[in-house]
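Take a look at the structure below.
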Amino acid sequence: MTHFLGYRCSVCGAQYAPDEVTYTCPADGGNLDVVLDYAALKRRGMADLIIADDRSLWRYLPLLPVRDPGGEQTPLRRAGGTPMYAPPLLSRNLGLAHLWIKDESPNPTASFKDRASAVVVARAREIGAEVVVTASTGNAGAALAGMAAAVGHQAVIFAPRTAPPAKIAQLRVFGAQVLLVDGNYDAAFDLSIEAANAFGWYCRNTGYNPFTAEGKKTAAFEIWEQLRGRLSPARRLSVFVSVGDGNIISGLHKGFKDLHALGLLDEIGGMPRIFGVQSENSAAIANAFAAGTEEIEPVHATTLADSISVDLPRDGLRAVRAATQTGGAYLTVSDEAILQAIPALGRVGIFAEPAGATAYAGLAVAVQQGLVVPEEPVVVINTGSGLKDVKSAMRAAGEAPIIEPTLAAVRRIMAV
Ligand SMILES: *Cc1c(COP(=O)(O)O)cnc(C)c1O
Ligand SMILES: [Zn+2]
């Protein structure tokens, strides 16, 4: 049994029953928030809300709008449950007393997107959809392909033909049908919806399918569990995350709102302030935040951080609110700063792709601007593995020297 009551439109506030709609608000196309029966959940009590011996995101199954998808001992059961590190070197470098990095790279397909795709595949199984489909420049597609492959479902991925080769390779290896659209992401997005409707496939598209944010909210639950009892209301937690379409930041916000509805936020000192970080070369949502509006103007995105390169964000409204409703903010960083953040995280053993390192680059700016002060606790999320984009990693880390096979040559280089 789930506690899934239905949906509420983020634009007009209309409510829908679970089987009344599938994707967005029929009235205005707004993104739908999943509504849970919080009163019933509260009555169940803590011990019943978390499945203690499950280390994956499925430990929060009672707080998700899906039934148990099965698939034991497959990668579907290993999404989430990612580590929280506290690297003293980075705390020192930024002059912060309490800095944690939540590293999403250990997810089965190496990015945060597995959280969304795992829950979407669970939903597909529940409604009897054999084929799942998404438009993606990479990580969302890889996650859907991987989670679908784990439990024997077919995945169809529409990607712009400019998507990075390593990401396309991952899709192909997972056995997905990859269709490289000769057009941009928006063209792939529209075509994937048309195909889903025409052929009865279940569509995962970000900022379209309401279950992606439900999967992503589990990262907020993990942050809460990992920091519970360690933070005081005197210094609220700040969470930094990179933003493209705005669905991860919206999902995090939803997770913290669920915890608030259950009366559990006091354990981490109240609602965290949520900070979104964008490249200045793909800043549609940051621009809206700066202008004090929820209207998102599309941009012509050119950032090298391909996972957050977005002209028209699909979840912009909720993404702006994640910052405005929590006392957070949006920051922009240069692509140069994003590249520099890759080896900075690398120095403490964390390998981030450019979009993953962006949040850390944003924190550095926030510290400079005094948006966070030294005593405040901060969590930075690395959303994806550096192995996703080896070319950018090489650019960031530089070339290795080639030497003659002699000790003298080693001496020269190492200065020993
Ligand atoms: C998708 C993605 C993001 C941004 O998430 P949005 O929901 O598009 O804002 C950030 N980092 C990585 C690695 C991603 O794959
Ligand atoms: Zn609506």
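Could you work out how much longer the chain between ASP37 and VAL21 gets when fully extended? Use 0.36 nm per residue separation minus the Cα distance between them, nm to one decimal. Display every interim value, and only then the final one.
Working: separation 16, 0.36 × 16 = 5.76 nm, distance 1.82 nm.
Value of the extension gain: 3.9 nm.
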Completion exercise
Given 171-179, 149-157, the highest-first ranking by average Cβ count within 10 Å works out to 149-157, 171-179
Fill in the blank from the handout: Stretched fully, the stretch from ILE403 through LEU387 gains (0.36 nm per residue minus C-alpha distance, one decimal, in nm) 3.2 nm
Fill in the blank from the handout: Here, the chain modelled as identical Cα point scatterers in vacuum has Debye log10 I(q)/I(0) at q = 0.06, 0.10 Å⁻¹ of -0.23, -0.63
Exercise for the section: Which order do the peptides 101-108, 250-257 take when ranked by the mean count of other beta-carbon atoms within 10 Å per residue, highest first? Expected result: 250-257, 101-108
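Starting from the alpha-carbon convex hull of segment 258-312, give the projected area averaged over all orientations, in nm². Working shown, then result.
Working: hull surface 20.9 nm².
So the Cα hull casts an average projection of 5.2 nm².
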Handout entry: Two-site FRET efficiency, HIS260 against ALA52, from Cβ-Cβ distance with R₀ of 30 Å, rounded to 0.05
Key = 0.85
Practice task
Divide by every residue of the chain the summed helix terms, -39500 (n - 2.57) for each DSSP H run of at least 4, and state the resulting mean residue ellipticity at 222 nm, rounded to the nearest 500 deg cm²/dmol.
Solution key: -11000 deg cm²/dmol
Exercise for the section: Have a look at the DSSP beta bridges in the chain and tell me what percent are antiparallel, nearest 5. Expected result: 25 percent
Completion exercise
Under 5 Å from the placed amide H of LYS102, counting only residues 5+ away or on other chains, we find TYR85, VAL380, ILE381, ASN382
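Could you sort 229-238, 133-142, 10-19 so that the peptide with the highest average Cβ count within 10 Å comes first and the rest follow in order? Don't skip to the answer; put the middle values down first.
Values: 229-238: 15.2, 133-142: 29.2, 10-19: 13.5.
Put in order of decreasing packing, that is 133-142, 229-238, 10-19.
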Completion exercise
Calc'd 3J(HN,Hα), segment 87-93, phi into Karplus 6.51 cos²θ - 1.76 cosθ + 1.60 (θ = phi - 60°), Hz, glycine/Pro = x, comes to x, x, 4, 6, 4, 4, 4
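How large is the translational diffusion coefficient of segment 196-304 in µm² per second when you combine the Kirkwood radius over alpha carbon pairs with Stokes-Einstein at 20 °C and 1.002 mPa s? Intermediate results must be reported in sequence, preceding the final value.
Details: Rh = 15.6 Å.
The estimated diffusion coefficient comes to 137 µm²/s.
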Fill in the blank from the handout: Length gained if LEU5 through LEU179 is fully extended, taking 0.36 nm per residue and subtracting the Cα-Cα distance, is 59.0 nm
Fill in the blank from the handout: Once phi for every residue in segment 239-248 is put through the Karplus expression 6.51 cos²θ - 1.76 cosθ + 1.60 (θ = phi - 60°), the whole-Hz ³J(HN,Hα) values, with Gly and Pro written as x, are 10, 10, 8, 6, 9, x, 6, x, 7, 5
Practice task
Would you work out which of ALA219, ALA14, MET84 lies farthest towards the positive end of the dipole of the chain? Charges go on Cβ: Lys and Arg +1, Asp and Glu -1.
Solution key: MET84
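Taking the Cα centre of segment 292-365 as the origin, how large is its charge dipole in debye, to the nearest 20, when only Lys and Arg (+1) and Asp and Glu (-1) carry charge on their Cβ atoms?
Values: 4 positive and 9 negative charges, 67 e Å.
About 320 debye.
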Practice task
Run the quick spin-label model on ARG161 and ALA187: label points 7 Å from Cα toward the beta carbon, then report their separation in nm to one decimal.
Solution key: 0.8 nm
Handout entry: Span from the segment 347-399 Cα centroid across to the segment 40-80 one, whole angstrom
Key = 30 Å
Problem - Anchor LYS391: aspartates and glutamates whose Cα lies under 19 Å away (excluding residues fewer than 8 positions away in-chain) - result: ASP306, ASP335, GLU336, GLU353, GLU399
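Values quoted throughout were computed directly from the atomic coordinates according to the rules given, and no laboratory measurement underlies them. Bear in mind the structure is a predicted one, so any value in this text is a computation, not a measurement. With ideal geometry, Cβ positions are generated from the backbone for all residues, glycine too; neighbour counts draw on all protein chains shown.
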